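Chemist: I have a structure I would like to understand better, so I am pasting it below and will then ask my questions one at a time.
Bear in mind that the values in this text are calculations on the coordinates, not laboratory data. Computed from a predicted model, the values in this text were never measured in an experiment. Cβ: placed from backbone, ideal geometry, glycine included. Neighbour counts: every protein chain shown.
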Amino acid sequence: MESNSLADRLGMQNGSNGGRGRGRGGNRGGRGRGGHRGRGRGGRGGSANQATTNSNPAPMDIDSPVVATPDETPLPSGAATPTWTPKPIAAGTDAAVYLTENRFADLRGSIDDRLLSAIPFPTMSAVQAATLSTALSGKDVLAQAKTGTGKTLAFLIPSIQKLCALPKPPPQRSISVLVLSPTRELALQIEKEAQMLLANLQGTFAVQHVVGGTNIGAERKRLQRDRKDLLIATPGRLLDHFASDAPGLDLRKACQNLKVLVLDEADRMLDMGFRNELEKILKMLPDPISSNRQSLFFSATIPSFVHEVAKLRPDHAFISTLTEQDSNTHEHVPQESLICALRDCLPHALQVVLSEAIRYPTNHKILVFLPTARSTSLAAALFSSLRSQKGSMYSKFSPIFEIHSRKAQAIRTRTMETFQTSPSGILFSSDVTARGIDIPGISLVLQLGLPSSLEQYIHRLGRTARAGKEGRGVLILAEFEKFFLQQADVKKLPITPLDLGRVEKESGVGLEDVARDVEQAMRGIDATTRSQAYQAHLGFYKSYLKQLKWKPEELISSTNEYARDILQWGSDGQGSGNGGGWVGPPLLQKTVSMMGLKGKSGLNVVRELPGKGNGGGRVKRQGQSQGGRDRMSARATTTH
């Protein structure tokens, strides 16, 4: 789950229509207003089966650039369908780092035969081999394990075995196993694994999920109607249900006989600001000592919070399956960075992706992270437009995917499943995939724009070089974002300058040509998408004024340059004011007030959005015209 920044909470307004475009000459190097065609500063644009057959999916967004996916098929009764394909272990291979020779068949007698026969893998991963015997003994386990190494089965197998060992199934209203997950996507992935393991126990035990971003009313009906022996939940949505007084459903009471509590990606939940929610949930659950509840906590790092509030039993086992290399993923993954003019960020990103597509024509799998959901949507639309140009070099791109908090949950689920199982693809994402989801085969993680923290940068980077595979990371920042690389902790990372000469040689195209293609494609993107990216950009960087050492006026000026030079606002008939000067995308009065920018000049503040209400409303404050000034800004590029 990504955090809903002010930028994205507000980023739902439409763009304006009409106005005159700017003149075009032939010179590059600055974006002239009086006829020269140059470029001023600009900015970045803005596996398997259905997790549950009882969910209430949101309607498909027919305008989404997400590729079409086949209909999901529910798990057949009695079938055990793996969500990844087990392969033989060859000594000395990278896969041997995470797989062992320990066989699941050796658990016969320790776990129920119905559960054992549902496990489709012959051998255990390292984390499974290290933790299963201890967890099956009933002890609390605090396990340090890397995502993508099989830890989901490491906590699901002992949890389901505890159910199988009960003298009789619990009442239908009871929850016996509670799994807390930081994101919706990870929760649904865990549910799929549980469905696989319960294939031979259908009718006896069942798993359900409760996650944000879905219809809570439909969840309540499902929870009332069906068994929920295992409940996979995100913290916020679980608290919503705990606080609900819906008749016939008391989820807090249903947890009073809880047998197992699982925290998956505990450190990520803390990073995402869930500490208060976790503390509330843990206080609402029965005391682990008096109730003899088992706790299984899995995390890549072990924050002090786990020891402070988790109340593990004194004899709990701490098990780490991290190799020295795993513990320091960010220290051994090749990382490069580029600092450039804001207007060049997208063109350089296009070069990097193109070079990767040419290097690996049939299996390039790329994750592109952006700061906001709206900038993610914009970049996905841009790359999709370029890819659709038949015969162009961009047709070499594999399918384009898009996932962020603005997408309906049903679409996000299908997108993730398709991308996970695709041999190649380019996924544009905000932080819903930064951690917790296992996506095999990621060869490149491209971070386009300012990461919110060092931890976020590392989490994103951790999507590549997994399970012994190779991978690399590239970070592209605008000049004003370079403070990120100047932080003491970031300086310790092995980040080297991006070799632009190599990238240009590999991609086969220069910056000038790529920049021209970006501009042309951007003009074809609908005004609403561009307007929303503008608003999200403004809101996102508003929260970094201190680090940027900017005043609000400088923020507005930079964001307007982003609109002119990247979003091409004004070059296609948008952005002309009543007096003929350039006007930025419209912002509602309440939006500007919430951003703390009320009364600041340079913003196009309106009472009604164009095309809404009475037809657009009166412009209260227009953007400042650039007149005939030719902003011939330098193209110097710096790498760090």
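Chemist: Can you list which of the trypsin sites (Lys or Arg not before Pro) found in the stretch 372-441 are DSSP loop residues with at most 13 other C-beta atoms within 10 Å?
Modeler: Lys390
Chemist: Label the stretch 342-475 by shape, choosing from rounded, prolate and oblate, from the square roots a ≥ b ≥ c of the eigenvalues of the Cα gyration tensor; if a/c is under 1.5 it is rounded, and otherwise prolate applies when a/b is larger than b/c, oblate when it is not.
Modeler: Verdict is rounded for the stretch 342-475.
Chemist: For the cross-link pairs Lys482/Lys600; Lys259/Lys280; Lys151/Lys407; Lys146/Lys283; Lys365/Lys491, which exceed 22 Å when the distance is taken from alpha carbon to alpha carbon?
Modeler: Lys482/Lys600; Lys151/Lys407; Lys146/Lys283; Lys365/Lys491
Chemist: Now for a separate question. Hey, can you rank 518-530, 109-121 by average C-beta count inside 10 Å, highest first?
Modeler: 518-530, 109-121
Chemist: Order the peptides 189-195, 599-605 from the highest to the lowest mean number of other Cβ atoms within 10 Å of their residues.
Modeler: 189-195, 599-605
Chemist: Go through 277-287, 532-542, 122-132 and give me the packing order, highest mean Cβ count within 10 Å leading.
Modeler: Per-residue Cβ counts within 10 Å, averaged per peptide and sorted highest first, yield 532-542, 122-132, 277-287.
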